[in-house]
């Protein structure tokens, strides 16, 4: 049997960050995950705190002010547990990591940027990929461009909504839309990945150039769905910018999300180069005893059980959507260790799906101490060498706060740091 | 279809993560992709009134069965399983089905050719034979593996630990050095070794949709291997596709009660060596700059990369593990005339990666991955068991 320093369970954003922190610290790391993480479905943009308190109508401009309020009131919020300093460190770590993987993010943990969504809303976000670095307030004209073959993005709908949003935020720009025909075979439905692959084909790329060249000027921002290349995004994105001589903004799309995918695969390639191992496709179960995790069992092909051991374990399996927590109508179940999951006191849900305060069930999750060790109902540490990260944590609603990837990144970072310290103590 | 598979259909959220991992989707834009061809179409098939069935089925023969979709799914759905099952419904033209039948029986040809390797190798390179193959629909550009026969040396002493080695076609008929290395490794690890008196595992037959015949092969293999299991033998294979088929496919596709008993006792050679904590004397590492291609069917076993662990520890100073790409040959797929170009196109990412640096050694466990990489890069490819066995004193 191979012994590792750190085993990370889950390969979403929080798991990949924990693995990066541990591996960069020189630890041997194994990542076990049932499938690919939800990072492939997420925008890949790091929203740290868009709205706080959640009922807020307008997004927070200054993230740190929101954080202060949150630390004063939000009793169980993961940010409060890890603290502002860890949040800042995690963001620095991430900026540096994305630089190394060749997909450099920009932004900081101080100030939100406003960027359009695929529905044309202006959403607050903090750290952005290199294809979304522009400031929308700097442009006289915005041209929303979609593709006829890509039916998950409607440029005119985006443009009309953007106009309203601009008014709401006291911004000024002339917003227009255009649909470009790529000339692709549409016998089957094409999704964002298919279009992104096709954009790497020079013939298709040139069609876009031919339609738009000369029609956009220096003061125009061209906003396109995030389908400008998968692995060859640099060639497509910077190539297009050069050909059209204007700024281009990628708007994250419906799943599969290419911006999320580029981030995930970039980090995974980097981890592979650091000799991090991956065990994919099967559900993990924890072996516990003496208040610690003694190992992880994973089923393999044919049902044979493999056991892996490490000094520290990071539990980054996600929430209800990610499969880390299973929910029935009355109970929650944490899938790896059976850690108790705190359920809301009153109703689990409210009738208004888009209720401004969010849905109570979203706050459910694992309760942790400042080291991110899981706690039992009485607040005692359950597993001293297990550190929890990401959406399996209790105390926040990522959907209304716009804090999903932010919590995943920062708690993933902190769990990685704690896991490394856990190895060194021995 | 088992009730379990029917139930699993409901877990497909249509997130399309599988779609982004499909090597065929990336290189063949008209291919519908795992989500659509698998769970989505299966729901329609189950209603019994799917109007576009024939249209979809024509793409089933393009599924590489690399299982990257299965591994990618965060919810446990296995799109490849529906594809393999439904391959039986492909209505091929006569010539194509003859060609597929010929390719699916590489085991037979290997047995015949292996008896007279010199003559067979001469004929396989003969332009007239090549033309004949081309007329049958076999890609004339494809280099066939040379046949080689060798008498294997096996120690006769009795030991407590016993292993039965399932060689598979490639290690038996094409590269018996692999078989000899595996025997050497097992004996070094303290096993009494026996060669399983069996032929093909059934992979090429399954992937060409010949399920009735595949079931017969499975029944025979399970019956024989079961007897070994009862006598306390571990079943060992060095071919990832054989290993995966013995471990999982029999149980997945054929209702044979004893298959579970066999599958639990099947080991990849490196998986077993690692499990037994076998130490090797590789103190002076001979190689640096080595690349190891992880075959899809090894990746799909969910055992990590045990060969890489041991190779890193005993054989090489720096090992690059590549599990990102499918090589594109997919067993018999890349031998088919109309699929050859696509097969090379899919492999191109891997070829480029291997050509990028002057690697002193290219390693992979799978016989057909090896053929494909050699064809695409011109580099010689070696089974990791061969280099690990070399560390053992004679």
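The values are calculated or read from the model by the stated rules, or taken from the named source; none is laboratory data. Everything numeric here is computed off the predicted structure, so don't read it as measured data. Note that we place each Cβ from the backbone using ideal geometry, even for glycine, and neighbour counts take in every protein chain shown.
Residue check: residue B:157 meets all listed conditions (1) crowded, with 17+ Cβ neighbours inside 10 Å; (2) not in a helix (DSSP H, G or I) but one, namely (1).
Count of segment A:274-288 residues, restricted to those that are modelled with pLDDT under 95 and away from chain B (no Cβ under 14 Å), is 0.
Selection of segment B:225-236 for residues being away from every other protein chain (no Cβ under 12 Å) and in contact (Cβ under 8 Å) with a residue 12 or more places away in the chain yields B:225, B:226, B:228, B:229, B:231, B:232, B:233, B:236. The helices (runs of 4 or more DSSP H) located wholly in segment B:229-270 that include 2 or more residues which are at pLDDT below 95 occupy B:250-253, B:259-263. Scanning segment A:170-181 for residues that are under 30 Å from the mean Cα position of the chain (by Cα) and either within 22 Å of residue A:208 (Cβ to Cβ) or surrounded by 13 or more Cβ atoms within 10 Å (Cβ to Cβ) (or both) yields a count of 8. Selection of segment A:235-255 for residues being more than 14 Å from every other protein chain (Cβ to nearest Cβ), touching a residue at least 60 places away in the same chain (Cβ under 8 Å) and either farther than 30 Å from residue A:33 by Cα or surrounded by fewer than 20 Cβ atoms within 10 Å (Cβ to Cβ) (or both) yields A:237, A:247, A:248, A:249. It is to be established whether one or more residues within segment B:110-127 are touching a residue at least 60 places away in the same chain (Cβ under 8 Å) and under 30 Å from residue B:33 (Cα atoms). No, segment B:110-127 has no match at all. Filtered by the rule that a residue be under 27 Å from residue B:306 (Cβ atoms) and buried (at least 21 other Cβ atoms within 10 Å of the Cβ), segment B:333-350 gives B:333, B:334, B:346, B:347, B:350.
Taking segment A:182-220 as the region of interest, how many residues are away from every other protein chain (no Cβ under 14 Å), assigned to a loop (DSSP other than H, G, I, E, B) and surrounded by fewer than 19 Cβ atoms within 10 Å (Cβ to Cβ)? Working first, answer last.
Of the residues in segment A:182-220, the ones away from every other protein chain (no Cβ under 14 Å) are A:202, A:205-220.
Now restrict to residues that are assigned to a loop (DSSP other than H, G, I, E, B): A:213-219.
From the residues that got through so far, the ones that are surrounded by fewer than 19 Cβ atoms within 10 Å (Cβ to Cβ) too are A:213-215, A:217-219.
The total comes to 6.
Of note, residue B:288 does not satisfy the criterion of being within 12 Å of chain A (Cβ to nearest Cβ), surrounded by fewer than 17 Cβ atoms within 10 Å (Cβ to Cβ) and more than 25 Å from the chain's Cα centre (by Cα).
So is residue A:258 surrounded by 21 or more Cβ atoms within 10 Å (Cβ to Cβ), within 13 Å of chain B (Cβ to nearest Cβ) and either farther than 30 Å from residue A:414 by Cα or at pLDDT 95 or above (or both) or not? Yes: the conditions hold for residue A:258. For residue A:152, state whether it is within 27 Å of the chain's Cα centre (by Cα), over 21 Å from residue A:242 (Cβ atoms), within 14 Å of chain B (Cβ to nearest Cβ) and in contact (Cβ under 8 Å) with a residue 24 or more places away in the chain. Yes.
crowded, with 24+ Cβ neighbours inside 10 Å and within 11 Å of another protein chain (Cβ to nearest Cβ): is that true of residue B:304 in this structure? So that I can check it myself, show each step before the final result.
Details: crowded, with 24+ Cβ neighbours inside 10 Å: yes; within 11 Å of another protein chain (Cβ to nearest Cβ): yes.
Considered against the rule, which asks whether it is crowded, with 24+ Cβ neighbours inside 10 Å and within 11 Å of another protein chain (Cβ to nearest Cβ), residue B:304 comes out as yes.
I'd like to know if segment B:129-139 contains one or more residues that are touching a helix residue (DSSP H, G or I) at 6+ places or on another chain (Cβ under 6 Å), touching a residue at least 60 places away in the same chain (Cβ under 8 Å) and surrounded by fewer than 17 Cβ atoms within 10 Å (Cβ to Cβ). For segment B:129-139, residues touching a helix residue (DSSP H, G or I) at 6+ places or on another chain (Cβ under 6 Å), touching a residue at least 60 places away in the same chain (Cβ under 8 Å) and surrounded by fewer than 17 Cβ atoms within 10 Å (Cβ to Cβ): absent.
You will find that of A:264, A:223, the residue that is out of contact with any helix residue (DSSP H, G or I) (no Cβ under 6 Å at 6 or more places or on another chain) and either assigned to a helix (DSSP H, G or I) or touching a residue at least 12 places away in the same chain (Cβ under 8 Å) (or both) is A:223 and no other.
Of the helices (runs of 4 or more DSSP H) entirely within segment B:14-133, those holding at least 3 residues that are within 14 Å of chain A (Cβ to nearest Cβ) occupy B:17-21, B:23-27, B:53-60, B:68-72, B:79-86. Here B:273, B:298, B:319 are screened, and the one residue that is buried (at least 21 other Cβ atoms within 10 Å of the Cβ), within 11 Å of chain A (Cβ to nearest Cβ), at pLDDT 95 or above and in contact with a helix residue (DSSP H, G or I) (Cβ under 7 Å, 6 or more places away or on another chain) is B:298.
Among the residues of segment A:24-41, those identified as surrounded by fewer than 24 Cβ atoms within 10 Å (Cβ to Cβ) and either away from chain B (no Cβ under 14 Å) or under 15 Å from the mean Cα position of the chain (by Cα) (or both) are A:24, A:25, A:26, A:27, A:41.
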